[in-house]
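Below is one structure; the comments refer to it alone.
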Amino acid sequence: MKEAIMSSTTATPKISTRSVNVFYGENQAIKDVSIDVEMDNVTAFIGPSGCGKSTFLRSLNRMNDTIVGARVEGKIELDGKNIYDPSMDVVQLRARVGMVFQKPNPFPKSIYDNVAYGPRIHGLCANKAELDMIVENSLQKAGLWDEVKDRLTNSGTALSGGQQQRLCIARAIAVDPEVILMDEPCSALDPIATAKIEELIHDLRGKYAIIIVTHNMQQAARVSQRTAFFHLGTLVEFGETSEIFTNPREEKTKDYITGRYG
Ligand SMILES: Nc1ncnc2c1ncn2[C@@H]1O[C@H](COP(=O)(O)OP(=O)(O)OP(=O)(O)O)[C@@H](O)[C@H]1O
Ligand SMILES: [Mg+2]
């Protein structure tokens, strides 16, 4: 296991976690997980249902704080700063480490206001022209601009599922985050919408540190450069995606990727 930890850590990580444990009341959902996440790679989290992928993901921007009874132990650093330090501004942290959920969840507001929401509450723009620019840029980066530019005042909830998910990505991008956490962002989408999101992840790679949770092995293989395999709350193996899928070190990883369980 020493070796697994060594290969799962890097010299200049964007996010560094050491000996992380997460509990829901008496139940321990994450056990002693140490992982480094790099800026220029997409990292995939895979593993059977209930193994703790979402729990671990949520601990990276303190979304677990919102769950009664949830407790996080260990060290989680963003750019070398402990995110659980009392001096950490959690609202600011969640702007730096944005999140996209399984089910697209646009606000019941216009397309424009969905994207403008974060920049407005964080005071990121001096005037309407600047805000217009942020909205356009964010929608461009999310690959949605051409589809919505003529109907920015329409409701975000009236878009298709795939468009709604790209709107949520635009909303996350609008506050200029450093990390984007995606928890099964395509599981509610059809194959065409899924392909668009995967293309988008390719385009965003390097601009943001991206972590994606997925149940879809092909997707993990397509979009990520590093893959972490979780099982029963532990990190079984973490390494280059190509290695994990072609030459896993651990028997459990092999069983999972060959579909023997999960
Ligand atoms: N809000 C919660 N309160 C109590 N226990 C929880 C809560 N959320 C998750 N758990 C438990 O923690 C463990 C890990 O759950 P988690 O949702 O992180 O798994 P997951 O790997 O994301 O699963 P899935 O692939 O089904 O989304 C499970 O045993 C689950 O029942
Ligand atoms: Mg989950």
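Each value in this text was obtained by applying a stated rule to the coordinates, not by laboratory testing. Model, not experiment: these values are computed from the prediction. Ideal geometry is used to build each Cβ from the backbone, glycine not excepted, and the neighbour counts take in all protein chains shown.
Suppose only helical runs count, i.e. DSSP H with n ≥ 4. What mean residue ellipticity at 222 nm does that imply for the chain under -39500 (n - 2.57) per run, divided by all residues and rounded to the nearest 500 deg cm²/dmol? Working shown, then result.
On the way: 11 runs with 96 residues, N = 262.
Per the formula, -10000 deg cm²/dmol.
Take the Cβ-Cβ distance between His202 and Lys128 as r, set R0 to 25 Å, and report the resulting FRET efficiency rounded to the nearest 0.05. Can you show the working numbers first?
Details: r = 33 Å, r/R0 = 1.31.
So the FRET efficiency works out to roughly 0.15.
Counting every other Cβ atom within 10 Å of each residue's Cβ, His122, His231 order from fewest to most as His122, His231.
Of Pro185, Pro106, Pro86, which has the largest mean-square fluctuation in a 10 Å C-alpha GNM of the chain? Comparing Pro185, Pro106, Pro86 in a Gaussian network model of the chain, the most mobile one is Pro86. For the pair Lys109 and Arg96, the difference between a 0.36 nm per residue extended length and the Cα-Cα distance amounts to 2.4 nm.
Rounded to the nearest 10 degrees, the inclination of helix 111-121 to the longest alpha-carbon principal axis of the chain is 70 degrees.
Considering only segment 175-262, what is the antiparallel percent among its DSSP beta bridges, to the nearest 5? That works out to approximately 50 percent antiparallel.
Within 10 Å of each residue's Cβ, count the other Cβ atoms and sort Val213, Val72, Val42, Val90 from fewest upward.
Working: Val213 23, Val72 20, Val42 26, Val90 14.
Fewest-to-most ranking of Val213, Val72, Val42, Val90: Val90, Val72, Val213, Val42.
Taking the C-alpha atoms only, the angle from helix 128-141 to the longest principal axis of the chain is near 50 degrees. Given segment 21-113 reduced to its alpha-carbon atoms as identical point scatterers, what log10 I(q)/I(0) does the Debye formula return at q = 0.11, 0.12, 0.19 Å⁻¹? Listed by q, the Debye log ratios stand at -0.37, -0.44, -1.06. Helix 191-204 axis versus longest C-alpha principal axis of the chain: approximately 90°, rounded to the nearest ten.
Coupling constants for segment 69-86 follow from the phi torsions by the Karplus curve (6.51 cos²θ - 1.76 cosθ + 1.60, θ = phi - 60°), and in residue order they are x, 7, 9, 10, 10, x, 10, 10, 10, 10, 6, x, 9, 5, 6, 9, 5, x Hz; glycine and proline get x.
Across segment 27-36, computed HN-Hα scalar couplings (Karplus, 6.51 cos²θ - 1.76 cosθ + 1.60, θ = phi - 60°) run 7, 9, 9, 10, 10, 6, 9, 10, 9, 10 Hz from first to last residue, x flagging Gly and Pro.
Residues whose amide H falls under 5 Å from that of Ser34, counting only those 5 or more places apart or on a different chain, are Ser19, Val20, with hydrogens built in the peptide plane.
With contacts taken as Cα pairs under 8 Å at a separation of at least 6 residues, segment 131-226 carries a relative contact order of 29 percent. The Rg/Rh ratio for the chain is 0.97, where Rg is the radius of gyration of the alpha carbons and Rh is the Kirkwood radius.
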